[in-house]
Amino acid sequence: MNTGLDGKAVIITGAGSGIGRASAQHFAREGALVAVADVRLHKAQQTVDLLAAEGHHSIAIEVDVSEPVQVEQMVNDTIAAFGRLDVLFNNAATVRVGNAVELTVDDWDIVWRTNVSSVFLGAKYAVPHMPAGSCIISTASLSGLAADAGLISYNATKAAVINLTRTMAVDFGPLGIRVNCICPGVTMTPAMKGFMSDERLRDLVLAATPSARLGEPEDIASAAVWLASDQAAFVNGQPIVVDGGLTIQNGFSLMQQARGLDPG
């Protein structure tokens, strides 16, 4: 597949590990110039070193995506290094556990600023530099499409990312800039691996997933590269679900599986 990404400049936030790191590798292998942005500079540099070992040029940028001055500097540093900006991948995120009573106001604010304000700030400072044919991608979540108990801030912010995506697609479409987001299912990032170490939980998720496996960061990275590519030139304002089919079954189907019945 000719992605048309050779020589394009890409910013990926949260690129020090997991989905962000896998995406940096995928974009670089397509010939893109990657700005590896992360709040942990040493993790960003590790990703840069991995890309260098494959012969790819990239830069590491330390950034707190909730801070306007730092996001603006991230954009400026990328343009200074590569002379252009074609793709912004808002991937950085955080999570805090608790319902509306349990969650502290400070934690609510942290999650909102990291997961939502970062998408707004990225567009605010990147779009003025992006030519027609550019795109913005954000990592949303299945949690933005349906509710998880005890994750009120994460659910709310990921739903916001989905509608921010639609709104920015309407706003920036006339400029030739596409805006989409990805809704990953259970994806084996470093954080998720610890959570899924519970074999009973792992078995439940596998039983509910028609593809019969858990997602890997590379699955999301592949979707991001496709969304940024020429092949997705008419895809705009969409939440792209990448979950192995986890969300396509109704409750009756799952009960049949649990009982070993023929769906009939």
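The values are calculated or read from the model by the stated rules, or taken from the named source; none is laboratory data. Quick caveat, the model's predicted, so the values are computed rather than measured. Note that each Cβ is placed from the backbone with ideal geometry, even for glycine, and that neighbours are counted across all protein chains shown.
Below, the figures for the structure above:
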read-out	value
Any chance V69 is over 18 Å from the mean Cα position of the chain (by Cα) and not aromatic (F, W, Y)	yes
Answer residue from region 180-198, given it is under 12 Å from the mean Cα position of the chain (by Cα) and of a type in the set (A, V, I, L, M, F, W, C) and is farthest from A233 (Cα to Cα) among those	C183
Close pairs (6 angstrom Cβ cut-off, 6 or more residues apart or separate chains): part of a loop (DSSP other than H, G, I, E, B) in region 147-173, among the β-branched types (V, I, T) and at pLDDT 95 or above anywhere	G150/V97
Yes/no for R84 being surrounded by fewer than 24 Cβ atoms within 10 Å (Cβ to Cβ), in contact with a Pro (Cβ under 8 Å, 6 or more places away or on another chain), outside any strand (DSSP E or B) and at pLDDT 95 or above	yes
Members of region 1-21 that are in a strand (DSSP E or B) and not small (G, A, S)	V10, I11, I12, T13
Filter result (farther than 30 Å from L206 by Cβ, in contact with a strand residue (DSSP E or B) (Cβ under 9 Å, 6 or more places away or on another chain) and surrounded by fewer than 21 Cβ atoms within 10 Å (Cβ to Cβ)) within region 173-194	G173
Top-ranked residue in region 88-105 [being assigned to a loop (DSSP other than H, G, I, E, B) and among the hydrophobic types (A, V, I, L, M, F, W, C); ranked as surrounded by the fewest Cβ atoms within 10 Å (Cβ to Cβ)]	V101
From the options T104, T78, T139, residue that is β-branched (V, I, T) and without any contact (Cβ under 8 Å) to a residue 60 or more places away in the chain	T104
Failed item, numbered, when V225 is tested on (1) out of contact with any helix residue (DSSP H, G or I) (no Cβ under 7 Å at 6 or more places or on another chain); (2) in contact (Cβ under 8 Å) with a residue 60 or more places away in the chain	(1)
Residue in region 170-181 that is charged (D, E, K, R) and closer than 20 Å to S118 by Cα present	yes
Odd one out for A146, checked against (1) surrounded by fewer than 19 Cβ atoms within 10 Å (Cβ to Cβ); (2) closer than 21 Å to T189 by Cα; (3) at pLDDT 95 or above; (4) hydrophobic (A, V, I, L, M, F, W, C)	(3)
Candidate set from region 41-54 (those that are over 17 Å from V10 (Cα atoms) and touching a helix residue (DSSP H, G or I) at 6+ places or on another chain (Cβ under 9 Å)); member that is surrounded by the most Cβ atoms within 10 Å (Cβ to Cβ)	K43
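Every residue, every condition in (1) hydrophobic (A, V, I, L, M, F, W, C); (2) within 18 Å of the chain's Cα centre (by Cα); (3) at pLDDT 95 or above; (4) assigned to a loop (DSSP other than H, G, I, E, B), yes or no:
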position	(1), (2), (3), (4)
A223	yes, yes, yes, no
W226	yes, yes, yes, no
Q231	no, no, yes, no
I248	yes, no, no, yes
M255	yes, no, no, no
A258	yes, no, no, no
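Yes or no, residue by residue, for (1) more than 24 Å from Y125 (Cα to Cα); (2) among the hydrophobic types (A, V, I, L, M, F, W, C); (3) buried (at least 24 other Cβ atoms within 10 Å of the Cβ); (4) touching a helix residue (DSSP H, G or I) at 6+ places or on another chain (Cβ under 9 Å):
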{"residue": "D6", "(1), (2), (3), (4)": "no, no, no, no"}
{"residue": "I11", "(1), (2), (3), (4)": "no, yes, yes, yes"}
{"residue": "A24", "(1), (2), (3), (4)": "no, yes, yes, yes"}
{"residue": "R29", "(1), (2), (3), (4)": "yes, no, no, yes"}
{"residue": "M74", "(1), (2), (3), (4)": "no, yes, yes, yes"}
{"residue": "A80", "(1), (2), (3), (4)": "no, yes, no, no"}
